[in-house]
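Reading through the structure tokens given below for one structure.
The values are calculated or read from the model by the stated rules, or taken from the named source; none is laboratory data. Since the model is a prediction, treat every value here as computed from it, not as a measurement. All Cβ positions, even for glycine, are placed from backbone atoms using ideal geometry, and neighbour counts span all protein chains on display. Note: areas computed on protein heavy atoms with side chains; ligands, DNA, RNA excluded. Shrake-Rupley method; radii C 1.70, N 1.55, O 1.52, S 1.80 Å.
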Amino acid sequence: MKFNKVIFFIVLCLFQWTISATLWAQSGTITLNGTDYPIDTIDHYQAGPGVFYTHFTIAYSPLRICHFYMLSADLTNPYNKVREYQPIFKSQATFAKAYQEINAPGYRPIGGVNCNFWQVSASTNDLSGMPQSATASGGRLNTEPSSWILGEWHQEGVPSDDPAKDQGLVMIDDLGRCIIDSVYWQGYVFYGNNQRRKIREVNRPRINPNNNEIELFTPFLGSFKTRKPSEFTTDNGYGVYNVITKVENWSINDTLEAIVERIDSVGGLTVGEGHAIFQGRGTGKETLQTFQIGDTIRFCLGIKTRRDGLRPHIMEMCTGNALVMENGKLNQRNWNDAYNYKQYARTGIATNSAGDKLWLMACQTPGVYTHEMCYIFQTVGATEVAACDGGGSAQCAIGDKVMNPTTEATPRAVVNQLWLISTAPDSQEAGQLQFIKPLASIPAYASYTPTLRAWSAEGLLLSHDYKGYTLSCEPASLGTISADGLTFTANPVTESGKLIATAGTGRTETPIEIRNGEVHIVLDSVILGNRDYKVDVQAIAGDLALPLDAKALTWLSMDESRCTVNDEGILHAMTNGRTQVVGSLAEFSDTLLVITEMADAPQLALSSFHQSIISSLSIDTAFSNTRTAAGVLPINVRLWGNPDSILIVVNSDAPVQAMELTYRPNNGESDATNISGKTTVNEDYTYTFATDQLMNVADQGIYPILLESAKFTLKDPKKSKSYHFTIKDIILCYRDWAEVTALPTQLAQPAKPVKLMVGGQVYII
């Protein structure tokens, strides 16, 4: 189905809250900077109140198809909040850990992206693990807007007046608006007669601090202690002067007041909650020495935007390495920075001119340039963009799950994240519903259990697989609904209508057409052991195949002394042998070959009925390379019936520390599993393999199972020495055994070849 790119991006830009199933897996083109590119929408749904998640791809060339993971947030939604999350000082956290810490009733994390670059080099004055530049959470400044991207710190302000070096700071003010800009850092301590001295940095306990400065330390420092002069790489006799104060309330761009509680010149201090420490050296020390215990110290943590000169009351803040788009236009930071002007997995954060929309996006490998990222943001209506940390850090999460496959295969812990939070009341009552991948048509007689997403009335996502719905159909002649209301079964009619799902105050519908088709038993043949088996039946129309409840058919066993079948299509083995079972529905009928292989005891040792199989399971081998020493013993034994577990008794004159078993289910490829277990030389040792840990035992097509080989890993083998390995026995275990006759002589000498056909592939046993 073709999809107009205009519709896709209007939905993102205008935040259409009505959930539309037609947005699934659509394709079309998108125009970026005057060039059309193919675009595919892989997934799109409402992730929370005022928040949509979209996964889409853009094909820049046939060999360069880039995946994008975008969160689009309406900041005017009353239940939608933004939060900057940081773990404890100088630490990183995964999204899963952050989600666990943030998640609380009425405060549900919807999703987020990584933010700041962070110090990773040991040469960064022992600040490794700290975020580069500014961060703030809950109105409290954790780190100041540093000049890390500019090189040396500029006493007169950050950034320099050269926009070519501007950082991109993402700020959420106390009105919930987003501001993305570069800023000037205007942190000051006021003293004397309207005098002020700049606060150089916040929460950066360097081992080589600059002279003549004041540092501010807040409770974000946690258990980490401030430096003592003896810990500095150079002290030059300046020492430190610490003013420990009590701070009632923190805010940004307000003049704050604190009461001096203690003076310290030793250092090595921790900052308690509700307190702050001003540390001075050189002339900064002289400034702080003007304060005595009991005095009120006034200070300001000022942040001024470069373009508009705003001093917002910032509640949340993070920093990218560059402001790459401003006022809707791309700037030179996209091309004058080597980090930006290369294909790279990266994260971007964007807003619009009103600051009431927020876009968070991760761009995955093979990666994009920042200017390509900006063109996408332009299309959805963004005017300001900050380029954030990328590479293995580039991640977009929904809840506690990272949605993009990261460059390192597993999610990386990062220094901070920007999260979208829902403050909607917790509720399990659905207010909105959406079919996921709805069927446009269905074969007659087929059963269909749809998958639905559900949201609360406020837009809080309840589930991607909601089971609290009830189905109905219009007209009623289309089919029937199961007693639990979850499954629709099509009648043998050819007409169109709609399938309707309701739950709480939510309702959704999807068109559906009943098509003529055929009824088939899924497997041509089955091996039936001591456990009963309900026959798998499908209704097929063209390339569409759906399950059909076996109880809709009429069943007949051609030899009930071997196997019975009841009205629900459940097979029950009586004695070992083979027969046929026929299922009929209207003009359709199909036949199933049933081979019964029952066990008459809890365990069946292959040596008890076919010693020649076991006696051949031994090898002698020597190793020229002991680093990879392992003996491989071919087995090629077909197992009887439906065993619950497999016991393999091993004896060796070498110390074995693990065995790898290679096996093949009848309807699959060869696979292997490894189990540790140290054998004693020349003594029997039993390795145990549970069948349901190896394969899906609910799939009757896996039988018969073939054991192909065993690989023995040795402990400290000797070069060129010959070792002897023997499998003494293979024992099959059966949970549901019964007293039966005709034990498995077919394994030794089958009466005749038996053909099994599974999924169009023929197997001979």
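Compute the FRET efficiency between Thr410 and Lys715 as 1/(1 + (r/R0)^6), taking r as their Cβ-Cβ distance and R0 = 30 Å, and round to the nearest 0.05.
With R0 = 30 Å, the Cβ-Cβ based efficiency is 0.45.
Using every alpha carbon pair in the stretch 668-740, what percent of pairs falls into each 5 Å bin from 0 up to the bin containing the largest distance?
For the stretch 668-740, the binned pair fractions read 3, 9, 20, 21, 17, 13, 9, 5, 2, 1, 0 percent.
Provide the per-residue ³J(HN,Hα) series for the stretch 507-516, in order, calculated from phi with Karplus coefficients 6.51, -1.76, 1.60 and θ = phi - 60°, each as a whole number of Hz, with x at glycine and proline positions.
After applying 6.51 cos²θ - 1.76 cosθ + 1.60, I find 8, 8, 9, 9, x, 8, 10, 8, 10, 5 Hz.
Measuring from label point to label point, each 7 Å out along Cα→Cβ, what is the Leu556 to Ala96 span in nm?
Computed distance between label sites Leu556 and Ala96 equals 5.6 nm.
Counting only residues 5 or more places away or on other chains, whose amide H sits under 5 Å from the amide H of Lys342 once H atoms are built in the peptide plane?
Excluding prolines and chain starts, which carry no amide H, the hits are Thr370.
Let me check I've understood the local charge: for Gln538, count other residues with C-beta under 15 angstrom from its C-beta, Lys and Arg +1, Asp and Glu -1. What total comes out?
Every neighbour counted, the sum reads -4.
Give the relative contact order (percent, whole number) for the chain; include only Cα pairs under 8 Å separated by 6+ residues.
It rounds to 11 percent for the chain.
Can you tell me which of 401-409, 652-660 comes out highest on packing, and rank the rest after it, using the mean Cβ neighbours within 10 Å?
Order by mean packing, descending: 652-660, 401-409.
Whose amide H sits under 5 Å from the amide H of Ile214, counting only residues 5 or more places off or on another chain, with H placed in the peptide plane?
Arg200
Work through the residues other than Ser607 whose Cβ is under 10 Å from its Cβ and net out their charges, Lys, Arg +1 and Asp, Glu -1.
Taking every Cβ under 10 Å from that of Ser607, the sum is 0.
Just going by the charge dipole of the chain, with Lys and Arg at +1 and Asp and Glu at -1 on Cβ, which of Thr673, Pro475, Gly517 is farthest out on the positive end?
The residue sitting farthest along the positive end of the dipole is Thr673.
Pairs Lys246/Lys304; Lys678/Lys728; Lys81/Lys357; Lys304/Lys329; Lys437/Lys551: which exceed 18 Å Cα-Cα?
Correct reply: Lys246/Lys304; Lys304/Lys329; Lys437/Lys551.
Using the heavy atoms of the protein chains alone and a 1.4 angstrom probe, what is the accessible area of the chain per residue in square angstrom?
Normalised by residue count, the accessible surface of the chain is 42 Å².
Among Met598, Gly284, Met574, which residue has its Cα positioned farthest towards the positive end of the charge dipole of the chain, with +1 placed on the Cβ of Lys and Arg, -1 on the Cβ of Asp and Glu, and the dipole taken about the Cα centre?
The listed residue farthest towards the positive side: Gly284.
Grab the Cα-Cα distance for Lys534 and Asn194, subtract it from 0.36 nm times how many residues apart they are, and report the gain in nm with one decimal.
Gain in length upon complete extension: 113.7 nm.
Among residues other than Asn327 whose Cβ falls under 15 Å from its Cβ, what is the net charge (Lys/Arg +1, Asp/Glu -1)?
After counting each charged neighbour, the total is -1.
So what does the Cα-only Debye profile of the chain read at q = 0.05, 0.11 Å⁻¹, as log10 I(q)/I(0), no solvent term?
Relative scattering, expressed as log10 I(q)/I(0), comes to -0.42, -1.13.
With an 8 Å cut-off on Cα pairs and a minimum separation of 6 or more residues, tell me the relative contact order of the stretch 201-297 in percent.
Rounded, it is 37 percent for the stretch 201-297.
At a probe size of 1.4 Å, how large is the accessible area of Asp716, to the nearest 10 Å²?
Roll a 1.4 Å probe over it and Asp716 shows about 110 Å².
Arranged from highest to lowest average of other beta-carbon atoms within 10 Å per residue, in what order do the peptides 78-87, 180-189, 494-503, 678-687 appear?
Packing proxy ranking, top to bottom: 180-189, 78-87, 494-503, 678-687.
Which is farthest toward the positive dipole end of the chain among Met558, Ser121, Tyr69, measuring Cα position about the Cα centre, with Cβ charges +1 (Lys, Arg) and -1 (Asp, Glu)?
Sorting the options by dipole projection puts first Ser121.
Classify the stretch 336-425 as rounded, prolate or oblate from the Cα gyration tensor: take a ≥ b ≥ c as the square roots of its eigenvalues, call it rounded if a/c is under 1.5, otherwise prolate when a/b beats b/c and oblate if not.
oblate
Dipole magnitude of the stretch 265-360 about its Cα centre, charges +1 at Lys/Arg Cβ and -1 at Asp/Glu Cβ only, in debye to the nearest 20?
Using Cβ point charges on Lys, Arg, Asp and Glu, the stretch 265-360 gives about 400 debye.
Mind checking the dipole of the stretch 168-253: about its Cα centre, +1 per Lys or Arg Cβ, -1 per Asp or Glu Cβ, Debye to the nearest 20?
Here the stretch 168-253 has a charge dipole of around 220 debye.
Could you go through the stretch 72-89 in sequence order and give the Karplus-derived ³J(HN,Hα) for each residue, using 6.51 cos²θ - 1.76 cosθ + 1.60 with θ = phi - 60°, rounded to whole Hz, and x for Gly and Pro?
Working through the residues one at a time gives 10, 10, 8, 6, 8, 5, x, 9, 9, 10, 10, 9, 8, 10, 10, x, 5, 3 Hz.
Compare the peptides 70-76, 693-699 by average per-residue count of other Cβ atoms within 10 angstrom and give them in order, highest first.
The peptides rank, most packed first, as 70-76, 693-699.
Could you pull out every residue, at least 5 positions away or on a different chain, whose amide H is within less than 5 Å of the one on Asn404? Hs are placed 1.01 Å off N in the peptide plane, and Pro or chain starts have none.
Here Cys396 satisfy the definition.
For Thr494 and Glu708 in the same chain, what is the full-extension length gain: residue separation times 0.36 nm, less their Cα-Cα distance, in nm?
72.1 nm
Using θ = phi - 60° and the Karplus relation 6.51 cos²θ - 1.76 cosθ + 1.60, list the HN-Hα couplings for the stretch 676-690 in order, rounded to whole Hz, with x at every Gly or Pro.
7, x, 7, 7, 8, 4, 6, 10, 5, 9, 10, 9, 10, 10, 7
Hey, quick one: spin label on Glu683, modelled 7 Å out along Cα-Cβ, who in the stretch 649-672 has an amide N within reach, i.e. under 20 Å?
Within reach of a label on Glu683: 649-659.
Carbon-plus-sulfur fraction of the accessible area of the chain, 1.4 Å probe, in percent?
Result for the chain: 48 percent of the exposed heavy-atom area is carbon or sulfur.
Taking R0 as 60 Å, what FRET efficiency do you get between Thr296 and Val632 from their Cβ-Cβ distance, rounded to the nearest 0.05?
0.15
Starting from 0.36 nm per residue, how many nanometres of slack lie between Asn516 and Asn327 once their C-alpha separation is accounted for?
62.2 nm
Just how large is the dipole of the chain about the Cα centre, in debye to the nearest 20, putting +1 at every Lys and Arg Cβ and -1 at every Asp and Glu Cβ?
Magnitude of the dipole: close to 1980 debye.
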